[in-house]
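Read-outs throughout are calculated quantities, based only on the coordinates presented, and are distinct from any laboratory measurement. In this text, all values refer to a predicted model and were calculated from it rather than measured experimentally. Because the Cβ atoms are built from the backbone with ideal geometry, glycine has one as well, and the counts that use them run over all protein chains shown.
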């Protein structure tokens, strides 16, 4: 009989028990806890200005303050739309594993994650629909056959962790930024509170699964996993720069602006900051051999 | 900055994904030959949108539309093979 992917581990079990207790303690009703004003003021920033993709870039020098406010509105709708897409994937993958033999150990906590992520998806989507009139569509397509087996489990949990860590970089800062509207601050602060538990779990399971893979895979196979995750990070970072958001903000030549932002050193500095924590983790765990990402 | 536009710019972009190639057979499977994959897809889609001047709605396309140069040309540049 084969052993479960997530094998019994006293340390992991203790962390899972603690996370379940924390989830129970912090449980809330998302449907009643937010104030949703009919409109949000458009003569101010909807995102922390320093976190806008255009911040400090050459192309932004020609934009007026009003144009930057508009970009902040539509980039925030893009950011929450990316959250909706990422959560959809997360819930789908967790549902596919809950109460299977491989993930019996973490199934109790999976119930909490699914519940919390469903709440997050609801309030992010509500924000987009109420203030932007839409959720930006996911433009991804699955072109290859999906891989299976232990490497696939590792990649799923690593993707979910990295998605959560990138998002949390923004949530933490925007939840604390008193230049932003209280509704914006609150959805970011609440998300940050829940994600800190999900990130703690994600780091445990990703380390655990990679340790097991290191005993089975060749150096070349491990390098392939590293390249895949680096390209996933590249895709995630580039996804924050959406030409549709520039277009909705009334910016001419939205594709050209996107290309210029992606090539600008200021954007790479923002990228470095948003990935710093994840990169340290991945390199320290031996999952990455360096912190260099491929180009767009 | 490249001055190539339209369909040629799309080819040029795809070639940057396989620097060992100097041309791409119009019927070559782009996915099997690791020129295009899911992780690189969105950036490629934006190149296509920029060069066709039209936003591509995902409900109107299928993965097979992106499988070869010929299928891309036929579907997005309204040209026959």
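For A:64, B:5, A:183, what's the fewest-to-most ordering of other Cβ within 10 Å of each Cβ?
Fewest to most other Cβ atoms nearby, the residues stand as A:64, B:5, A:183.
Going by how many other Cβ atoms sit within 10 Å of their own, how do A:197, A:211 line up, fewest first? Each step should come with its number before you reach the end.
Working: A:197 19, A:211 12.
Going from least to most buried by this count: A:211, A:197.
Which angle from 0 to 90°, rounded to the nearest 10, does the C-alpha axis of helix A:182-214 make with the longest principal axis of chain A?
Relative to chain A, helix A:182-214 is tipped by roughly 30 degrees.
Residue A:14 to residue A:214: extension gain in nm, 0.36 nm per residue of separation minus the Cα-Cα distance?
On the way: separation 200, 0.36 × 200 = 72.00 nm, distance 2.38 nm.
Computed gain between residue A:14 and residue A:214 is 69.6 nm.
Within a 10 angstrom radius of the beta carbon, how do A:74, A:36, A:46 rank from fewest other beta carbons to most?
Placing the least packed residue first, the sequence is A:36, A:74, A:46.
What's the extension gain from residue A:125 to residue A:146 if we count 0.36 nm per residue and subtract their Cα-Cα distance?
Length gained, residue A:125 through residue A:146: 4.8 nm.
Using a basic spin-label model with each label point 7 Å from the Cα along Cα→Cβ, how many nm lie between residue A:102 and residue B:59?
3.3
With label points built 7 Å along Cα→Cβ from the Cα atoms of residue A:50 and residue B:15, find their separation and express it in nm.
Taking the two extended label points, one gets 4.3 nm.
If each DSSP helix of 4+ residues adds -39,500 (n - 2.57) and the sum is divided by the residues in chain B, what number results at 222 nm, nearest 500 deg cm²/dmol?
Numbers: 3 runs with 33 residues, N = 81.
So the helix-based figure for chain B works out to -12500 deg cm²/dmol.
Simple spin-label model, 7 Å along Cα-to-Cβ: residue A:38 to residue B:25 in nm?
Using points 7 Å along Cα→Cβ, the separation is 6.4 nm.
For helix A:254-263, what angle does its Cα long axis make with the longest principal axis of chain A, in degrees from 0 to 90 and rounded to 10?
Approximately 60 degrees, to the nearest 10.
May I ask you to derive the relative contact order of chain B, considering only C-alpha pairs under 8 Å and at least 6 residues apart, and to give it as an integer percent?
The normalised contact order for chain B reaches 34 percent.
Please report the relative contact order for chain A, taking Cα pairs under 8 Å with a sequence separation of at least 6, and give it as a percent rounded to a whole number.
26
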